[in-house]
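What follows is a short report on a single structure.
The values are calculated or read from the model by the stated rules, or taken from the named source; none is laboratory data. It should be emphasised that the depicted structure is a prediction, and the values quoted were computed from it without experimental measurement. Every residue, glycine as well, gets a Cβ built from its backbone with ideal geometry; the counts of neighbours run over all protein chains shown. Please note that ligands, DNA and RNA were not included when accessible areas were found on the heavy atoms of the full protein model with its side chains. Shrake-Rupley method; radii C 1.70, N 1.55, O 1.52, S 1.80 Å.
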Amino acid sequence: MEKLIIAHMYPDLMDLYGDRGNMICLEKRIRDYGYKCIIIPVRLNEDIHYQEMDMIYMGGGSLREQKLVSDDLLQKAEGFKEVIEDGVPALLVGGAYQLLGSYYRDDSGNTIKGWGLFDFYTEAQNERLIGNILIETEIEGEKRSVVGFENHGGRTWLKTGSLQPFGTVIKGFGNNGQDGSEGIKYKNLIGTYIHGPLLPSNPHIADYFITAMAARKGLRLLEHLDDELEWLAHEQSKMKILSQR
Ligand code: GLN
């Protein structure tokens, strides 16, 4: 049986608002598509072999967890960009997404150095950006909605023109609550503030990652999974978010 291997970085530290559910969702869907899914936890001081991974995942974390992982993360920088350039899918949520940029500064001025892989930075303010979020993104040329929950003090600013956001905010705050952008998308990497967790109520995003992982191995997803309940949850969330002021 073909297998898809996912590196789950710092599962014990970087996991906010159900982010672990993204792994449960991918594991189940991959199994339902007829492949084996292996999730490899990568903790502090453990090596990561990027070349052996079909996908890389890291959930969100507060300033405390970000501080705990940041030095170790800087040591794990080598090799990451290379596989991303090669099209390996990656999902980085909240505090993990912030660390892809040059820095995260909290509201007292403490600064955590990021990987600096992309031209953006994050500066936090005392007032947090909290609530349900609805964005519009484009997958395979089609406009699609994405629903979830966000809770961050950080305001992320992408260098205009050089980076593509993951989507456009319809309701909620997104990167900074001002410019209407949410997250980043580069090749098959998505950085986002969307928790919830993201994938169970957005099965099209889960399948985006699985399709990309499979395609790199010359595989195609043959079946269509029965996503009636998932889409019901998605539509209910969407209606609820749209009706909020
Ligand atoms: N610590 C970060 C912030 O509050 C990220 C929190 C999160 O992962 N949502 O900005």
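Note on segment 60-111: enclosed helices (runs of 4 or more DSSP H) holding 3 or more residues that are open to solvent by 10 Å² or more (accessible area, probe 1.4 Å) are 63-75, 80-85.
Thr122 meets each of the listed conditions (1) open to solvent by 10 Å² or more (accessible area, probe 1.4 Å); (2) within 21 Å of Leu13 (Cα to Cα) apart from (1).
Within segment 30-58, residues that are within 22 Å of His204 (Cα to Cα) and in a helix (DSSP H, G or I) reach partners that are open to solvent by less than 60 Å² (accessible area, probe 1.4 Å) and of a type outside the set (A, V, I, L, M) with beta carbons closer than 7 Å, at six or more positions or on different chains, in the pairs Ile30/Cys37; Arg31/Cys37. Answer yes or no as to whether Asp15 is open to solvent by 70 Å² or more (accessible area, probe 1.4 Å), of a type outside the set (A, V, I, L, M, F, W, C), part of a loop (DSSP other than H, G, I, E, B) and on the phi < 0 side of the Ramachandran plot. No: the conditions fail for Asp15. When Leu92, Leu26 are checked against the criterion of being within 14 Å of the ligand (Cβ to nearest atom), touching a helix residue (DSSP H, G or I) at 6+ places or on another chain (Cβ under 9 Å) and in contact (Cβ under 8 Å) with a residue 24 or more places away in the chain, a single residue qualifies: Leu92. Taken over segment 186-199, the criterion of being open to solvent by 40 Å² or more (accessible area, probe 1.4 Å) and assigned to a strand (DSSP E or B) is satisfied by Tyr186 alone. When Ile40, Ile6 are checked against the criterion of being farther than 16 Å from Ala214 by Cα and among the hydrophobic types (A, V, I, L, M, F, W, C), a single residue qualifies: Ile40.
Within segment 134-177, the set of residues being in a loop (DSSP other than H, G, I, E, B) and surrounded by 15 or more Cβ atoms within 10 Å (Cβ to Cβ) comprises Leu163, Pro165, Phe166, Gly172, Phe173, Gly174, Asn175, Asn176, Gly177.
Note on segment 200-245: among residues that are basic (Lys, Arg) and not in a helix (DSSP H, G or I), the one that is farthest from Asp86 (Cα to Cα) is Arg245. I'd like to check something: does segment 104-113 contain any residue that is closer than 24 Å to Arg20 by Cβ and within 12 Å of the ligand (Cβ to nearest atom)? So far as segment 104-113 goes, yes, one or more of its residues are closer than 24 Å to Arg20 by Cβ and within 12 Å of the ligand (Cβ to nearest atom).
Table: residues versus (1) touching a residue at least 12 places away in the same chain (Cβ under 8 Å); (2) within 16 Å of the ligand (Cβ to nearest atom); (3) polar (S, T, N, Q).
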residue: Glu150; (1), (2), (3): yes, yes, no
residue: Leu158; (1), (2), (3): yes, yes, no
residue: Gly161; (1), (2), (3): no, no, no
residue: Thr168; (1), (2), (3): yes, no, yes
residue: Gly174; (1), (2), (3): yes, yes, no
residue: Gly180; (1), (2), (3): yes, no, no
